[in-house]
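Notes to accompany the following structure.
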Amino acid sequence: MTDWIKRWQEGKIGWHKKLPNSKLIEFITCLKLCKNSTIFVPLCGKSVDMLYLLEKGYRIIGVELSELAAEQFFKENELEYSIKKTDQFIIYYAPNIQIYCGDFFDLNAHDLKAVSAVYDRAALIALPADLRQEYTQHLYSIIQAGCRVLLLTLNYPQSQISGPPFAVNQAQVLSLYKNGFDCQLLQCFNDLENEPKFQRANVDFIEKATYCLHKK
Ligand SMILES: C[S@@+](CC[C@H](N)C(=O)[O-])C[C@H]1O[C@@H](n2cnc3c(N)ncnc32)[C@H](O)[C@@H]1O
């Protein structure tokens, strides 16, 4: 966890993008959102995907370890915010968005009672293998039945370059979510041509996959 805080302090946030994720835009309909739906964004960083969803009229709950990330999100997007401290979180509030600053594993079902969908970009794949089952089990325990999850993952030969982001293949996704979720692969393709860091490391391929999960 301290590594992430340090990365934010040093500005080493290569995962952060300036434009909304094209797969979110392409596949958002699989979340079957209604007007005013609340979307949970785990390990949210200062993702502009949250701004995209806000501008579409949805409500957002994010969770993020780094206070710097939360502050930068509101300041860079010129959103006025207020702060409330609880035992485990500093919660940043602005209209239709709350970012819980603290550990994902401290969130509970009460915190997410309004949530009907989850958007996971660079959350599952940010975690080392030994934390992933705990992550998916905790996610299962804090969201309601019927909730849908849009999950974006990467898969590449892990022996050729170290993470994060870590490689998570289709069999691993199916195994991680087999208890309690229906899992549909929406798309998977090799995108090495758009990944200079992986090209420089002579990685054979980098597959980008998009899944829609449905909590039973
Ligand atoms: C790879 S970044 C992805 C951020 C964001 N999803 C995006 O697409 O830009 C992962 C983020 O997870 C945060 N993080 C890591 N472990 C966490 C935890 N246990 N609870 C909350 N946030 C965490 C890190 O600080 C980092 O900002």
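Given the criterion within 19 Å of His214 (Cβ to Cβ) and of a type outside the set (Lys, Arg), identify the matching residue among Gln72, Gln88, Gln144, Gln98.
After applying the criteria, what remains is Gln144.
Starting from the range 156-171, keep only residues that are on the phi > 0 side of the Ramachandran plot, then list their pairs with residues that are within 14 Å of the ligand (Cβ to nearest atom) whose Cβ atoms are within a distance under 8 Å, requiring at least 6 positions of separation or different chains.
none
What is the number of the single condition among (1) within 16 Å of the ligand (Cβ to nearest atom); (2) part of a strand (DSSP E or B) that Leu139 does not meet?
Failed condition: (2).
Scan the range 8-51 for residues that are part of a helix (DSSP H, G or I), near the ligand (Cβ under 10 Å from one of its atoms) and free of Cβ contacts under 8 Å to residues at least 40 places away in the same chain and jot them down.
Val48
Scan the range 109-127 for residues that are exposed (fewer than 15 other Cβ atoms within 10 Å of the Cβ) and within 12 Å of the ligand (Cβ to nearest atom) and jot them down.
Selection gives nothing.
Per-residue answers, yes or no, for (1) among the hydrophobic types (A, V, I, L, M, F, W, C); (2) over 26 Å from Glu64 (Cβ atoms); (3) at pLDDT below 95; (4) not in a helix (DSSP H, G or I):
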position: Asp111; (1), (2), (3), (4): no, no, no, yes
position: Ala117; (1), (2), (3), (4): yes, no, no, yes
position: Asp130; (1), (2), (3), (4): no, no, no, no
position: Gln144; (1), (2), (3), (4): no, no, no, yes
position: Leu154; (1), (2), (3), (4): yes, no, no, yes
position: Pro165; (1), (2), (3), (4): no, no, no, yes
position: Cys183; (1), (2), (3), (4): yes, no, no, yes
position: Phe189; (1), (2), (3), (4): yes, yes, no, yes
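Does any residue in the range 105-120 that is in contact (Cβ under 8 Å) with a residue 12 or more places away in the chain and closer than 15 Å to Thr86 by Cβ come within less than 9 Å, Cβ to Cβ, of a residue that is within 16 Å of the ligand (Cβ to nearest atom) and assigned to a loop (DSSP other than H, G, I, E, B) six or more places away or on a different chain, and which pairs are these?
If the second residue must be within 16 Å of the ligand (Cβ to nearest atom) and assigned to a loop (DSSP other than H, G, I, E, B), the pairs left are Asp106/Asp87; Asp106/Gln88; Asp106/Phe89; Leu107/Pro42; Leu107/Gln88; Leu107/Phe89; Asp111/Phe89; Leu112/Ile143.
I'm checking my understanding of the structure. Among residues of the range 185-204 that are out of contact with any Lys or Arg (no Cβ under 8 Å at 6 or more places or on another chain) and surrounded by fewer than 12 Cβ atoms within 10 Å (Cβ to Cβ), which one is nearest to Phe27 (Cα to Cα)?
Asn194
Looking only at the range 141-181, count how many residues are within 16 Å of the chain's Cα centre (by Cα) and more than 17 Å from Ile125 (Cα to Cα).
4
Can you tell me how many residues in the range 128-141 are surrounded by 22 or more Cβ atoms within 10 Å (Cβ to Cβ) and either touching a Gly at 6+ places or on another chain (Cβ under 8 Å) or within 19 Å of His110 (Cβ to Cβ) (or both)?
1
Could you please tell me which pairs satisfy a Cβ distance under 6 Å, a separation of 6+ or placement on different chains, a first residue in the range 78-104 that is in contact (Cβ under 8 Å) with a residue 60 or more places away in the chain, and a second residue that is within 16 Å of the ligand (Cβ to nearest atom)?
Phe104/Pro42; Phe104/Val63
Mind counting the residues in the range 52-75 that are in a strand (DSSP E or B) and touching a helix residue (DSSP H, G or I) at 6+ places or on another chain (Cβ under 8 Å)?
The qualifying residues number 4.
Looking only at residues that are crowded, with 17+ Cβ neighbours inside 10 Å and within 12 Å of the ligand (Cβ to nearest atom) in the range 73-106, which one is farthest from Gln133 (Cα to Cα)?
Only one residue tops the list, namely Phe73.
The values are calculated or read from the model by the stated rules, or taken from the named source; none is laboratory data. Note that the structure is a prediction, hence the values are computed from the model and not measured. Note that each Cβ is placed from the backbone with ideal geometry, even for glycine, and that neighbours are counted across all protein chains shown.
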